[in-house]
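Take a look at the structure below.
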Amino acid sequence: MIVGHRGAAALAPENTLAGLNKAADSGIHWIEIDTQLTADGIPVIFHDETLERCTNGSGKLASHTLSELKQLDAGSWFDGAFAGEKIPTLEEALQTCLDKDLFMNLEIKIHHDVQVVPLVKKISDVLKSIDFPNERLLLSSFSKHAVEQCKTLLPDIRRGYITEEKSTEYLNEIEHLSLFSVHVNQEMLTSDMAKSITDKGYTLNIWTLNDPDKLNDFIQMKVDNVITDNPELF
Ligand code: G3P
Ligand code: MG
């Protein structure tokens, strides 16, 4: 399957509701987005540790409250047509996925100094409060600790481990996490690595592939899902 990276990052400002709408319009069924906590403990959808690249604000996202973040323009940096687009909350993104019949790969972003346990707890609270169907969700992270917390707090939701390691030694370290999938940087993936992962029974996802000419090579490696900035190319 084709999965829209950060919504559909080549078609709309990343990690916005406009991006989710673009992804749905392109005909795909899955999107990947990133989540982290505001200063007042609300999970929002945002990739970077700091606000400069994707908004007209500055400083660390985690130092701002939700009401401060909602003042920011998260669309103009991408294109004037998206002026006024806001940083969404996780709850708003989940609701948009329900409205647009999208499945969500939610990446739990663990930046410097971020405390894993409160973040996963808040995500869990949001998921439980809006009753999002488990089968429409995949929780993923570069952080084994975050994935472990997901297993504890949200045991019935599928989990994925994201990696850009060059060896597959980590496969021994993730066995206790009972994962559904492994998500590999496509630049690192070799046939041997892919075989080690799929032989263990994991679904194999790659990120971020924007060149459809390479798709067949990855299909040969039994890659299941391709995370891309531009679903329209595929
Ligand atoms: O989830 C895969 C991919 O999104 C990981 O990298 O930096 O784009 O969040 P990044
Ligand atoms: Mg991501």
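Tabulated results
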| read-out | value |
| --- | --- |
| Positions within the range 205-218 being within 13 Å of ligand 1 (Cβ to nearest atom) and closer than 29 Å to Glu175 by Cα, in sequence order | Asn205, Ile206, Trp207, Thr208, Leu209 |
| Top-ranked residue of the range 98-153 - restricted to ones that are open to solvent by less than 70 Å² (accessible area, probe 1.4 Å) and among the small types (Gly, Ala, Ser), ranked as farthest from His5 (Cα to Cα) | Ser124 |
| Total residues in the range 125-181, condition of a type in the set (Gly, Ala, Ser) and away from ligand 1 (no atom under 16 Å from the Cβ) | 3 |
| Selected residue [in contact with a strand residue (DSSP E or B) (Cβ under 7 Å, 6 or more places away or on another chain) and of a type in the set (S, T, N, Q)] from Thr152, Thr163 | Thr163 |
| Residues within the range 12-45 that are away from ligand 2 (no atom under 16 Å from the Cβ), outside any loop (DSSP other than H, G, I, E, B) and of a type in the set (Gly, Ala, Ser), tallied | 2 |
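The values are calculated or read from the model by the stated rules, or taken from the named source; none is laboratory data. Note that the structure is a prediction, hence the values are computed from the model and not measured. Every residue, glycine among them, receives a Cβ derived from its backbone with ideal geometry; neighbour counts consider all protein chains shown. Each accessible area value is taken on the protein alone, full model and side chains, heavy atoms only, with ligands, DNA and RNA left out. Shrake-Rupley method; radii C 1.70, N 1.55, O 1.52, S 1.80 Å.
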